[in-house]
Every structure is written in C-alpha cells, then in structure tokens.
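Only one structure is covered here, and it is reproduced in the block below.
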Amino acid sequence: MRAIGSVIFFLVCLLAMGAGAANVGQSKHNLSVTGVGTLTANKSAAGASTEICIFCHTPHSANSEMALWNRYDSRASYIPYSSSTTKATIGQPTGSSKLCLSCHDGTVALGMVRSRSSPIPMKSAVAKMPPGRSNLGTDLSDDHPISFRYDAALVAMDGQLRPPPTSSGVHLDANNQLQCTSCHDAHDNGNPSFLVMNNTASALCVACHNMKNWNEGSHRTSTKTWNGAAPNPWTHTTEKTVAANACESCHNPHGAGGRQRLLNYAAEEQNCYTCHNGNVAAKNILAEFNKPSVHPVIDNTGVHDPMEQPLVPAGANRHVECADCHNPHASNDSTTPLGAGVSGALAGVRGVNVGGGAVSQITYEYELCFRCHADTAKGPSMVPRQFPQLNTRAEFTSSSGTNSFHPVVSAGANPNVPSLKAPWNTASRIGCGDCHNSDSASTPGGAKGPHGSAYKPLLEKPLSFADIGSNPGNSALCNKCHNFVNTAWPQHLQHMGMTSCLTCHDPHGSPNPRLINFNPNVVTGARSFQAQGMSHGSCVLSCHGKDHNSKY
C-alpha cells in the first residue's frame, strides 16, 4: 500500500507539472537541483534532491492541514492588513495561505521538510527565503489581505466589491475565504508571479473589485506611455500604458509603501507625481506645486482618509491631498465649463452643497471648494474687510444677507453689468476656477486648476493687494471678464491707477451692492456706500487723506 501511495503521489505531481504551458518544473517553485531559479538545492552536497514535489508535498507523514503538506508551519505571529476602508474581518493566516507562508515569510528553512530527517541543503548557503519581493515577512499589513470570509454580506457592506467569484479564475477556499491561492497558482507560472489569470488592465483585480465610475475613468482607459525620463512610474510591473497598468499605476499588492489601501508610496501625493510630472500625463502638475501659491499637499502626509466627513468641521485640522479634490477611480478627461457643472477631473468627488449639506458626488465645482473654504475655521482674510466674512459659502448665498456676489452658486442679482466682456453676460455663472487657477492656464499646453500659481492666492492672473503703486496691469484678473473703459463708472480707470480693486470690492460677496466692502486699513471714516441706479452711487468715507461726503 505504501508503494501504491507513492506511485499515486508521483502521478499527481506529473499532472501538476503538466497543468500549464509554463509548469512547475520550469518555474521558480522547482527548488530541486534541476531548478531554473536562483534558489535551488545544492547538487554537490550530500542529501541534495532531484525531486520537485518534495519541497511542498509528501505521500506519507504529511501535515494534517491539506495537500499532503511536507513543510513545517511557521510559528510566527503576523501583523495582518488593516485600513479604515476595509469591511472584512482579517485575522491570522489560515488554510493554504498559512502553507504558502511557510516559505514566503522567511522564517522557515526552504529545505526543512517532514519527509527528511535533516534539511535538504540549498546552494550558496541560502537557508531561508532571502530578502526581496518574494519574502513577505511577518508584517502583512503592506500586502493584500488574506484569510477573510468573502461572501454576500461583505459585498453588501463594502459597496464596491463584486459577488463572490466562482468562475473568473479567482476562487475561494472551502470556507469561502480568500487566500493566496485565490490569486496565485503555485503549479503554473504561465502568467507572471504565478497569477491565476493575466492581469493586464488589472483583469485579476476587477474580478473582485468594482470601483464606482471606474469604467469611465482615465486610469482605466488612457493609452499614455512613459517617456523614459526618471523616475520610472511602474517599478513593479512590465506593462507599458496607463490602461494596461490600471490599478497598479497606484497600488502594489505586495510590499506597498502606503499600507492602508496598498498605495505604491506612503506620501499620498507621490503616487500622483510619478505620472503627473509630464513623463506620462501631458501636463506637469508636479511643477505647479513649486510655485509661490499652492494647495499644500506635501504638508499633511497621512492625514487624509477616504472615510473622513465631506464637511471639515470647525476647529478641525484642515488638510489637502490630491485625493481630497480628485477621485482617481473616476477622474476622466471630459470637459465642462466651470459654471455649467463638473469637469471630468472632478468626477465622483464628494462635497458640500450651498445649504451646508454633504453630497456624495458634486454637481458644481464650488461644492468641492466648500469642503474646506466654508464652515471650517480659518485664519484672517488676506484683505481686512469692513464686514468680515470667512465662510465662503455664506459670501455667495443671498439667504445669509449678502446683497451682491459673483455668480458662482447662482446667476448674479444685477440685471445690468455693462462692463462684462463677451461671452459673459448677466445670466452667466462662473466657477471658483475661473479666478483661482494656474497662471499657466491660458498658455497653450499649460496646466489648469488650483494646484499652484505665481499669484496669491492661487490666482490665474495678477491682482494687486497693495494700495499705493497699483496700476491697470495689476488688475489683470478683473480685466479678464470686465472692461472698465465704459460708462459703468468713468472713475474706475483713475482709481485703478492708484489703488487696488480689493480696496473697495470684495470679490466673493458683500452685504453691500456691487461687491462694495471697504478695506478699513485704507478707507476710513463712516465708510458707507449707497447705490443710486445704474452707474451711480454715493460714498461717505475718507481715503488717501481726502474726505468723500455723498460723492462718487
């Protein structure tokens, strides 16, 4: 009977070796003296083995776990994967994952098998799995989670998982747990890394993961390639395009730098920079963050969390990361005028509406900006105001008492604005990004968006904050939409030559008509303004040493 068992075992091994085009005998899992990898038995040492299957299997005296297992268990206690977004219950490795780790955690000698009284000698004195990508160690928090139950209840809780896999090539164990063997077939290296299926375009990843808006996203569809300039954006893959790398453009299933969510790098923005530095994506966004005025994404590594509330509460530690404004699974290259809706770059992003309520996917750009620039506690305004208001949401909403505002959340209240340049008119709406934008936005091929600008605070064009010494060229931002050489108010040009637009006007909104909200450091006295019909108004104030009493 013992001989029959050995024959059966031998036949099973042959079947396993012939299961794929690249069978186990021609793979790194052949640790015998006939192996083709760097980790093989030492053929010149006594006790060297030509047997292939013996390193994992034996027909007799096998481990009781499964698969006629010939190896000794690791006695290690593992640190499992965890994150704020996972809904799975992940504990210590079980089942086939525990068997795989008897080599791949680096704690048990590769030649230590139950069917031998002494370990099989390995060449080059390599006793255990050497450091490298194949040695996962005992800290599995930077690896894809294993040994958790994958069932309908988990799918319902998560919301972005497909039903438990049955026929996609991915399979669960007898206890409906996802294991190493769900993604890897130790006997067949026909696909790289012994994967159960080709992972081009992340086919293996999407067999389980069903991220919202992924099918329309640029990270799934883009055919952009790397131009060869350092650094290499795809260090752990051999794919050549964004679409072919797909999930692995940002994620690393083993040895991830950012442990939660298995990001390639621990610093969140670095996962974006490797492509958005002009070496893959056409626009060099990385260069934008080296400008004088930026959204400070490098200042808060590890603070952002996808599960945080859309509305940053008052007194909270405000922060900004790329993923606060962009959803990498949904972002695409579709364009929409800023006042008309949301461009593809902001697809699938959460925000806060004009009423202060959270929205799961923004409809207008301002709903994204309101996450941080509305009810959150902020420092003083860059320009002191007669009527200070640090809540930008309140500045744009007439329900808060605002009498005038730039038409961001709704069309403007003034039916006659003769200074507007075409195509703008009194029915137009604008977006925050029409003013807060890269100074390169109007340059052919230039980057767009409030990443960085030469002009504070993230302005597309110059706007002087100084009182004395201003000139019409320093009002370029206002001149983008307004032509002040008109009958709206003849003294505009005179004032522009000696003071800033911001001395009298608050560009977001004001409780006064025509965005009048004086800078009290410049304008003193009673400081009042009363509109008196189109192109007319009355000021009571002192400015530059002169009193203006009911004079415009």
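Read the figures in this text as sums done on the coordinates, not as results from a lab. Quantities reported herein were computed from a predicted structural model and do not represent experimental measurements. Note: ideal-geometry Cβ built from the backbone for every residue, glycine included; neighbour counts use all protein chains shown.
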| Of G355, A374, G132, which is farthest along the charge dipole of the chain in the positive direction, counting Lys and Arg as +1 and Asp and Glu as -1 at C-beta? | G132
| ³J(HN,Hα) across the stretch 23-35 via Karplus (A = 6.51, B = -1.76, C = 1.60, θ = phi - 60°), whole Hz, x for Gly/Pro? | 7, 4, x, 9, 10, 5, 7, 8, 8, 6, 5, 8, x
| query | When only Cα pairs under 8 Å and 6 or more residues apart are kept, what is the percent relative contact order across the chain? | reply | 8 percent
| query | Which one of N176, T38, V155 is farthest out on the positive end of the charge dipole of the chain, using unit charges on Cβ (Lys, Arg +1; Asp, Glu -1) and the Cα centre as origin? | reply | T38
| Total charge dipole magnitude, the chain, about the Cα centre, Cβ charges on Lys, Arg, Asp, Glu only, Debye to nearest 20 | 300 debye
| task | Consider all pairwise Cα distances in the stretch 214-282 and report the whole-number % of them above 20 Å. | result | 22 percent
| query | Whole-Hz Karplus ³J(HN,Hα) for the stretch 216-228, in order, using 6.51 cos²θ - 1.76 cosθ + 1.60 and θ = phi - 60°, x for Gly and Pro? | reply | 8, x, 5, 5, 9, 10, 5, 9, 4, 10, 7, 7, x
| query | Tell me, what ³J(HN,Hα) does each residue in the stretch 385-391 have, in order and in whole Hz, if you take phi through Karplus 6.51 cos²θ - 1.76 cosθ + 1.60 with θ = phi - 60° and put x for Gly and Pro? | reply | 10, 4, 10, x, 8, 9, 8
| task | Enumerate the lysines that K283 could reach by cross-link, defined here as Cα to Cα under 21 Å, with residues fewer than 8 away along the same chain left out. | result | K224, K240, K291, K448, K461
| request: Would you list, by chain and number, the lysines whose Cα falls below 24 Å from the Cα of K28, excluding same-chain residues fewer than 8 positions away? | output: K43, K98, K123, K128
| Amide H partners (placed H, <5 Å) of R527, local residues excluded | L541, S542
| task | May I ask you to compute the full-extension gain from T363 to S134, defined as 0.36 nm times their residue separation minus their alpha-carbon distance, rounded to one decimal in nm? | result | 77.9 nm
| message | Kirkwood Rh and Cα-based Rg: tell me the resulting Rg over Rh for the stretch 263-306, rounded to two decimals. | response | 0.98
| field | D_trans [Stokes-Einstein, Kirkwood Rh over alpha-carbon pairs] for the chain, 4 °C, 1.567 mPa s, µm² s⁻¹ | value | 46 µm²/s
| said: Which one, G91, V383, G545, projects farthest toward the positive side of the charge dipole computed for the chain from Cβ point charges (K/R +1, D/E -1)? | reply: G545
| note | For the stretch 72-157, inverting the pair-averaged 1/r of distinct alpha-carbon atoms gives a Kirkwood value in Å of 14.5 Å
